[in-house]
Ligand code: 5RP
């Protein structure tokens, strides 16, 4: 057992050096099965290695919050600009047209208004995920939350056991407990725990020192957008995250709560895939928003 009393901070992150792998564009997936690679390739563009995931799963814990009152009206028109849609099975079946051909990262733990209270021990049936033809399953992890950490890690572990049998990737979603400091040390810990317990993708938050978080995570890291920011700041967040090693964004509120959601997601897409700076992205946003 590792000796926790002699925990030495990591210092050698090999910054600037890509993880050693030869012939697959998704980090850490080289030794996976064909089906797993195919699904990952639907999410992460083989040419850029990046992804813009559109997250609209908030209602499963927050109800019909701003921008998600009517997903058919607000989100469905944006799907054509996204590389992947992250939603719950209830929304997928009831609102998302099945002919849109969008890869789905399905929220696969249960949600309640008590936040972590149910996510930690309810995982959807793998057969339902297969019926829905999902490209990935997303499961929350509450690292550092005494009451929930072990149960959420067990949930992720179960998800990986079930999903990998069918070549379905699992995304570990790192939730931030109220008492947690949002720094590189914490996100480094949470992302690594997710990856080492089998997650194929990890979703986390951008922070100072993010390049170390991304470098030390052996699978792709995508960042959540978090609370709504002014568009320019949200694009700056995307730019910095990509520059510091993120493989994409899994963004919700900063897209669907924007004054011009379609313009915003296209600008995010250009920053993530075409390497636009945040300034160029913002110009693009303004131009598109005027149309
Ligand atoms: C909710 C989630 C959201 O999908 C995630 O937070 C991304 O959305 P946003 O960019 O609005 O933060 O995991 O549990």
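Here the Debye sum runs over all C-alpha atoms of the stretch 54-148 as equal scatterers in vacuum, and log10 of I(q)/I(0) at q = 0.14, 0.15, 0.18, 0.19 Å⁻¹ comes out as -0.52, -0.59, -0.83, -0.92. Using 10 Å bins from zero, what percent of all Cα-Cα pairs in the stretch 76-231 falls into each bin? It works out to 11, 39, 37, 13, 0, in whole percents. Sequence-distant contacts, meaning Cα pairs under 8 Å at least 6 residues apart, place the relative contact order of the chain at 17 percent. Here the convex hull built on the C-alpha positions of the stretch 209-274 has a volume of 74 cubic angstrom per residue. Expressed as a whole percent, the proportion of Cα-Cα pairs in the chain lying more than 37 Å apart is 8%.
In terms of the mean number of neighbouring beta-carbon atoms within 10 Å, the peptides 41-54, 264-277 order highest first as 264-277, 41-54. Secondary-structure-derived ellipticity at 222 nm for the chain, considering helices only, amounts to -11000 deg cm²/dmol, per-run term -39500 (n - 2.57) for DSSP H runs with n ≥ 4. Summarising the strand pairing of the chain, around 5 percent of its internal DSSP beta bridges are antiparallel.
Computed from the coordinates by the stated procedures, all read-outs in this text should not be read as laboratory data. None of these values were measured; they are calculated from a predicted model. We place every Cβ from the backbone using ideal geometry, glycine too, and count neighbours over all the protein chains shown.
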